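Engineer: The structure under discussion is supplied below as structure tokens; questions concerning it will follow.
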Amino acid sequence: MRLPRRLTASAAASALVISALTGCDSGSEPGEKPTIVIGADLASGSAMDAAYARALQLRVEQVNASGLLGKHNLVLRIQDNKSDPTASLRNISTLADDASVAAIITGGCNECVVGAAKAINDKRVPTIALAAADEVSSPVESRRYIFKLGPNANDSAAALVAELVRTHTKSVALLYSDDLYGEGGRVRMTAQLSRAGIRVTNHLPVKPTATDVTQTVGTLTDSEPDALVVWTGPDQATLAAMSAKVAGYQGRLYFDAAAAGDLFLPQEAAAATSNTTMVFTQILAIDDVIATTPAKAARKQWFRDYTSRYGSYSGVASFGADAVSLIAAAVAKAGGDRQQIRDILETSQTDGLSGPIRLTPDNHSGLMPQALTLLVARSGRWRLLS
């Protein structure tokens with residue numbers, strides 16, 4: 001099953017977002033306050049990185065308007081890596097060699113930031129990675145200047161397996177992306193399923209760029225599992241759901257956090273994804289959340305601000321916004337001193353837009369397990385499961 005026209009159009013639109021911002025310094029007025037630059041290494045053609053670009057830009061503007069940085073203004077400088085680790089290494093090295101760049105934020109390309117890890121450490125530039133693989137921030141000994149925001153594979157697996165146990169699931173098939181994050185997910189899911197006594201009927205990889213997953217999904221559903229777990233990006237997760245429906249699969253469907261995309265599911269996939277359960281943060285179902293704390297009120301306001309600016313909401317946007325907020329808080333204390341920024345990031349604790357974040361010298365992946373919840377697809381959008 002090839003990508004529906006709406007999905008291919010979103011990829012084209014994402015390229016335009018990155019292209020519009022690439023190479024530009026934005027977020028401050030010339031001749032006003034001294035600027036401190038946040039570099040960003042993102043990929044044109046990636047809907048995820050387009051959402052990150054929007055979130056970074058909006059959050060930089062909000063930080064500047066707040067007066068948090070006093071005499072300084074933040075500036076965002078985006079470089080396009082085209083999802084190519086070689087280009088990413090070149091971009092990150094160029095940004096790191098610029099003394100005005102206080103910190104770097106990297107996008108969804110796992111292999112890009114892992115490939116640049118040595119350069120980041122050698123050049124001592126604090127970097128917050130928005131890619132999902134564990135290898136991004138681990139082992140800490142060789143990732144001293146890299147910090148990660150976003151769901152961790154082990155936490156996602158734990159949440160999914162707990163729900164599978166609750167629903168008395170006896171067997172599971174697993175579709176996972178053939179990359180660092182997908183392989184990590186396969187290892188953690190199969191281990192936790194084994195401990196829970198749930199049988200894995202089959203597990204198969206799919207290339208991250210594949211636009212037809214029909215045969216792979218058919219092979220998995222032929223094993224007649226009680227549940228199909230999909231551990232891929234949002235486009236492929238949608239295709240998997242549609243392929244499973246075409247194959248006549250009657251079991252339950254579960255998505256890992258990597259499948260989180262826009263608030264509204266593509267219209268052509270609404271029926272196929274109905275009642276699908278996904279592990280993610282509350283932000284995609286923020287309308288169901290009552291603002292009983294300042295943190296929840298801030299999340300609802302961020303959701304409104306983003307949708308007001310861009311017309312819809314992408315689930316990953318909160319990770320980008322939290323990355324800017326963490327850097328801004330460090331800059332407020334340390335100015336542009338990279339070493340001090342790194343040291344402040346390493347002990348940061350905050351109740352962020354994504355959920356509780358806690359970074360320590362022993363753990364550079366900051367999103368806490370408590371940030372994750374279960375969502376369910378109803379009428380073409382995500383809602384809280386309970």
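The values are calculated or read from the model by the stated rules, or taken from the named source; none is laboratory data. Given the structure is predicted, the values throughout are model-derived calculations rather than measurements. Counting neighbours? That spans all protein chains shown, and the Cβs are built from the backbone with ideal geometry, glycine included. Quick note on the areas: whole protein, heavy atoms, side chains included, nothing else; ligands and nucleic acids left out. Shrake-Rupley method; radii C 1.70, N 1.55, O 1.52, S 1.80 Å.
Engineer: Which residue fluctuates the most in the chain, going by a Gaussian network model with Cα springs under 10 Å, if the choices are 194, 348, 100?
Structural biologist: Most flexible of the set in this elastic network: 194.
Engineer: Principal axis lengths of the range 188-232 from Cα atoms, whole Å, largest first?
Structural biologist: Projected onto its principal axes, the Cα set of the range 188-232 covers 33, 21, 11 Å.
Engineer: Let me ask you something else. Lys/Arg Cβ at +1, Asp/Glu Cβ at -1, dipole of the range 251-351 taken about the Cα centre: which of 344, 317, 265 is farthest positive-ward?
Structural biologist: With unit charges placed on the Cβ atoms, the residue in question is 344.
Engineer: Let me ask something additional. Accessible area of residue 66, 1.4 Å probe, to the nearest 10 Å²?
Structural biologist: 80
Engineer: Nearest 10 degrees, 0 to 90: what angle lies between the long axis of helix 294-310 and the longest principal axis of the chain (Cα atoms)?
Structural biologist: 90
Engineer: List the pairs from 71/118; 82/207; 123/296; 118/148; 148/207 whose alpha-carbon separation is above 27 Å, in the order I gave them.
Structural biologist: Cα-Cα > 27 Å for 71/118; 123/296; rest within.
Engineer: Given the alpha-carbon gyration tensor of the range 173-287, what are the semi-axes of its equivalent ellipsoid in whole angstrom, ordered largest first, with each equal to the square root of 5 times an eigenvalue?
Structural biologist: 20, 17, 14
Engineer: Here is a further query. Kirkwood Rh, the range 89-198, all Cα pairs: how many Å?
Structural biologist: After inverting the mean inverse Cα-Cα distance, the result is 15.3 Å.
Engineer: Let me ask something else about it. Using only Cα atoms, find the angle between the long axis of helix 180-195 and the longest principal axis of the chain, and express it within 0 to 90 degrees, rounded to the nearest 10.
Structural biologist: Helix 180-195 sits at roughly 50 degrees to that axis.
Engineer: Which of the peptides 183-189, 245-251 is most tightly packed, and how do the rest follow, judged by the mean count of other Cβ atoms within 10 Å per residue?
Structural biologist: In decreasing order of mean packing, 183-189, 245-251 become 183-189, 245-251.
Engineer: Once you have the Cα-Cα distance between residue 122 and residue 287, take 0.36 nm times their residue separation minus that, and quote the gain in nm to one decimal.
Structural biologist: Working it through step by step, the gained length comes to 55.0 nm.
Engineer: Hey, another quick one. Would you be so kind as to identify which of 101, 278, 83 lies farthest towards the positive end of the dipole of the chain, taking Lys and Arg as +1 and Asp and Glu as -1 on Cβ and the Cα centre as origin?
Structural biologist: Of the listed residues, the answer is 278.
Engineer: Expressed as a fraction of 2.2 N^0.38 Å, the rule-of-thumb size for a compact globular protein of N residues, what is the C-alpha radius of gyration of the range 41-102?
Structural biologist: 1.26
Engineer: Percent of accessible area on the chain owned by carbon and sulfur, 1.4 Å probe?
Structural biologist: Carbon plus sulfur share of accessible area: 51 percent.
Engineer: Oh, and also: Could you go through the range 246-259 in sequence order and give the Karplus-derived ³J(HN,Hα) for each residue, using 6.51 cos²θ - 1.76 cosθ + 1.60 with θ = phi - 60°, rounded to whole Hz, and x for Gly and Pro?
Structural biologist: Result, ordered by residue: 4, 6, x, 5, 10, x, 7, 10, 10, 10, 6, 4, 5, 7 Hz.
Engineer: Something else about it: On the first, second and third principal axes, largest extent first, how far apart are the outermost C-alpha atoms of the range 199-350 in Å?
Structural biologist: Each principal axis gives a Cα extent; for the range 199-350 these are 58, 33, 28 Å.
Engineer: Averaged per residue, what accessible area in Å² does the chain show with a 1.4 Å probe, protein chains only?
Structural biologist: Per-residue value: 40 Å².
Engineer: Another question about this same structure. For the chain, what does the helix formula give at 222 nm: sum of -39500 (n - 2.57) over DSSP H segments with n ≥ 4, over the residue count, nearest 500 deg cm²/dmol?
Structural biologist: Calculated from helices alone, the mean residue ellipticity at 222 nm is -13000 deg cm²/dmol.
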